[in-house]
Amino acid sequence: MTEIHQVLVGAGRTDAITNMARSIRSSLRKIGPSEIYAQHPAPGVDDVYLLDKLGQSARSKRIIVFHASGGNPAVYDFLDTCSDPVILIFHNIAPADLFEDVDKSRADDLRQGWKDLESLRSKVILTIADSEFNAQCLADHKYENIEVLPLGVEANRLHNLPSNAVMDYRLDRETNGPLLLFVGQSVPHKKIETLIQMQYLLSVHLGRESSLVLVGPPTISAIQDAALEQARRLRVPNCIFLGQIQDDELATLYRRSSVFVTASLHEGLCIPAIEAMSFEVPVIARRTSALSETVGDAGMLLPEDAGPEFFSEAVNELLENDSLKRNLIERGKEKVSHYDSALNNQKFLDSLSQVI
Amino acid sequence: MSSVSPDYLEKIKQRVAERREAGDYPPGLENQLDRHYQEILRGFNFFSDEDDLQSLLRRLKSSTAFDATSIETWSPNPLKRMVHRVIAKLTIRQTSGVLSQVQQHANTLNQAFEALILLVDELQVDGGSGQTEILNNRSDLDKRLSAALDRLSLIEAELESLRSK
């Protein structure tokens, strides 16, 4: 029997790509043994094994499903030395240039990631991109026959979770006015400072009461520290950094949010935007990378160079224009229906059966 | 479902232009906010050329301890595992010989890099004093600008509270 194991660079309890891998694993287990391995599993993640445990060869036939999301020489070394064929699921690689001044070694890893991806090509038997944008990026790196499939995206995964009472209490006490939510890592291309400046303009220049809640791990702590410090120095009211939170806390936030807003310059898919639309929260984003297709006409897509002034006016418009808001919510629901994990995972199994 | 009006972008653009014209958004406000953030970010400086050279040297040193026991002999196949272990034992003399030569070479390389980095540091101190002065002046200017921006924000907040009274 063929074993099909997934390999990730990092794995977390609430990490989006790990959650996608978990969803894919449950489908793969219908046809044979399947586990998830990662180079850097976070502490407490007990359903993902260390990559070292996978071993470079196996007695039975084995296929590796590799989730490419960044540069990591150790993982590519492993893939290079093992003899198993590879199925590539591409989630994109962040733009290295934006990391150059804040984390040079990470910038180098990201650049190397593209090179390693090219050298992996000869081992890949099936190529999957989770968005058209990602497929185009792969095609630019000489990949062919790319299937676009948003695998393992469970848009409604948080819907059955109860609200978290502590989060509810915090929001009652610490926020005022409509809640503007951002979910994402503190990395340069997410431009969280634009959101801080947006909240500053909304409160000081437009006199609009609102609260900005930022959720996500401080992957590059200086980025989050600097954004927090700017909020403090400008005395931006109602600006809350929650860091990494539990799923039920996130579900509570989506339920209470009026707008999901991201100033990100680069997204391979943007799962938080999909989750927001599933909770009937309209999305404001830049018309860039995969956001144009993930959100499309179900959100307010601002010009790529939109600054905090544009963002604050967009929030203001969305909060005041009920018919626009209702329209976006309806379109968001329709958009989310495309992310049917059971259907997409089945399509994956069908494609798989043709190559093994 | 009715279609989303594409006019909203134009409407927002126009409103931004109006606010700029009315002075609600002072000229260059976005640039000023961005400079303010960049100046703060520099304060949390976590990376410089020198730190990077030193950290590279530390990484180089930590990766140049060669040891035969670090060579993986594990395999999921028990037979292969045994074969790897037997080969490892049989060739231990040759392996140790090669490792010893590599270790000597790595130690010499480390010493050479250490000397080079010391030289770079000295060059920075001797040849870079003019630049340091400029950077210090620039840093002072940035601090004064930040302080002015802070004061402006405070005055704005006070004006706002007076207006609301």
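Assorted remarks:
- If the condition is being more than 27 Å from A:GLN346 (Cα to Cα) and polar (S, T, N, Q), then region A:26-54 contributes only A:GLN39.
- Test: residue in region A:298-317 that is within 17 Å of the chain's Cα centre (by Cα) and closer than 27 Å to A:GLY70 by Cα: no
- Every test in (1) open to solvent by 80 Å² or more (accessible area, probe 1.4 Å); (2) at pLDDT 75 or above is passed by B:TYR8 save one, and that test is (1).
- From A:ASP103, A:ASP116, A:ASP108, residue being in contact with a Pro (Cβ under 8 Å, 6 or more places away or on another chain) and either open to solvent by 10 Å² or more (accessible area, probe 1.4 Å) or aromatic (Phe, Trp, Tyr) (or both): A:ASP116
- Checking each residue in region B:11-43 for being within 8 Å of chain A (Cβ to nearest Cβ) and surrounded by fewer than 12 Cβ atoms within 10 Å (Cβ to Cβ) picks out no residue at all.
- When the residues of region B:82-101 are filtered to those that are open to solvent by 100 Å² or more (accessible area, probe 1.4 Å) and not charged (D, E, K, R), the one that is nearest to A:LEU54 (Cα to Cα) is B:MET82.
- Residue tally, condition at pLDDT below 70 and either loosely packed, with under 15 Cβ neighbours inside 10 Å or not in a loop (DSSP other than H, G, I, E, B) (or both), over region B:64-81: 4
- Pairing each residue of region A:29-42 that is closer than 11 Å to A:THR18 by Cα with any residue that is open to solvent by less than 40 Å² (accessible area, probe 1.4 Å) and among the β-branched types (Val, Ile, Thr), provided the two are 6+ apart or on different chains, yields C-beta distances under 6 Å for A:ILE36/A:VAL48; A:TYR37/A:VAL7; A:ALA38/A:VAL48; A:PRO41/A:VAL48.
- Selection of first residues in region A:314-328 that are β-branched (Val, Ile, Thr) and of second residues that are in a helix (DSSP H, G or I) and modelled with pLDDT of 95 or more, restricted to Cβ pairs under 8 Å at least 6 apart or on distinct chains, gives the following pairs, ordered by first then second residue: A:VAL315/A:MET198; A:VAL315/A:LEU202.
- Strands (runs of 3 or more DSSP E) contained entirely in region A:101-207, each with at least 3 residues that are among the aliphatic types (A, V, I, L, M) and not assigned by TED's automatic domain parsing to the domain that holds A:PHE66: A:179-183
- Pick from region A:263-274, criterion assigned to a helix (DSSP H, G or I) and open to solvent by 10 Å² or more (accessible area, probe 1.4 Å), ranking: farthest from A:ASN316 (Cα to Cα): A:ILE271
- Residues in region A:227-262 that are out of contact with any helix residue (DSSP H, G or I) (no Cβ under 7 Å at 6 or more places or on another chain) and closer than 22 Å to B:ARG35 by Cβ were compared, and the one that is surrounded by the fewest Cβ atoms within 10 Å (Cβ to Cβ) is A:ARG232.
- The condition of being within 27 Å of B:ILE12 (Cβ to Cβ), part of a helix (DSSP H, G or I) and within 9 Å of another protein chain (Cβ to nearest Cβ) does not hold for A:ALA231.
- Scanning region A:335-356 for residues that are within 30 Å of A:LEU212 (Cβ to Cβ) and surrounded by 13 or more Cβ atoms within 10 Å (Cβ to Cβ) yields A:LYS335, A:VAL336, A:HIS338, A:TYR339.
- Conditions (1) farther than 30 Å from B:GLN32 by Cβ; (2) in a helix (DSSP H, G or I): number failed by A:SER312: (1)
- Lone unmet requirement of (1) at pLDDT below 90; (2) closer than 18 Å to A:ASP130 by Cβ; (3) open to solvent by 40 Å² or more (accessible area, probe 1.4 Å) for A:GLY70: (3)
- If you go through region A:276-307 and keep only what is open to solvent by 10 Å² or more (accessible area, probe 1.4 Å) and part of a helix (DSSP H, G or I), you end up with A:SER278, A:SER292, A:GLU293, A:GLY296, A:ASP297.
- Of all residues making up region A:200-226, the number that are more than 12 Å from every other protein chain (Cβ to nearest Cβ), surrounded by fewer than 20 Cβ atoms within 10 Å (Cβ to Cβ) and hydroxyl-bearing (Ser, Thr, Tyr): 1
- Spans of strands (runs of 3 or more DSSP E) in region A:1-86 with at least 1 residues within 22 Å of A:ARG111 (Cβ to Cβ) and in contact with a Leu (Cβ under 6 Å, 6 or more places away or on another chain): A:36-41, A:62-68
- Neighbours by Cβ (under 6 Å, 6+ apart or cross-chain): first from region A:158-186, among the β-branched types (Val, Ile, Thr); second surrounded by 12 or more Cβ atoms within 10 Å (Cβ to Cβ): A:THR175/A:SER211; A:THR175/A:ASN238; A:VAL183/A:VAL215; A:VAL183/A:GLY216; A:VAL183/A:PRO272
Per-residue answers, yes or no, for (1) within 20 Å of A:VAL259 (Cα to Cα); (2) under 15 Å from the mean Cα position of the chain (by Cα); (3) at pLDDT 95 or above:
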site: A:LEU98; (1), (2), (3): no, no, no
site: A:ASP116; (1), (2), (3): no, no, no
site: A:LYS123; (1), (2), (3): no, no, no
site: A:SER131; (1), (2), (3): no, yes, yes
site: A:ALA155; (1), (2), (3): yes, yes, no
site: A:ASN164; (1), (2), (3): yes, no, yes
site: A:ASP168; (1), (2), (3): yes, no, yes
site: A:GLY177; (1), (2), (3): yes, no, yes
site: A:HIS189; (1), (2), (3): no, yes, yes
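The values are calculated or read from the model by the stated rules, or taken from the named source; none is laboratory data. A quick note: this is a predicted structure, and the numbers were derived from the prediction, not measured. Heads up, the Cβs are rebuilt from the backbone with ideal geometry, glycines too, and the neighbour counts pull from every protein chain shown. Keep in mind that these areas ignore ligands, DNA and RNA; they rest on the heavy atoms of the full protein, side chains included. Shrake-Rupley method; radii C 1.70, N 1.55, O 1.52, S 1.80 Å.
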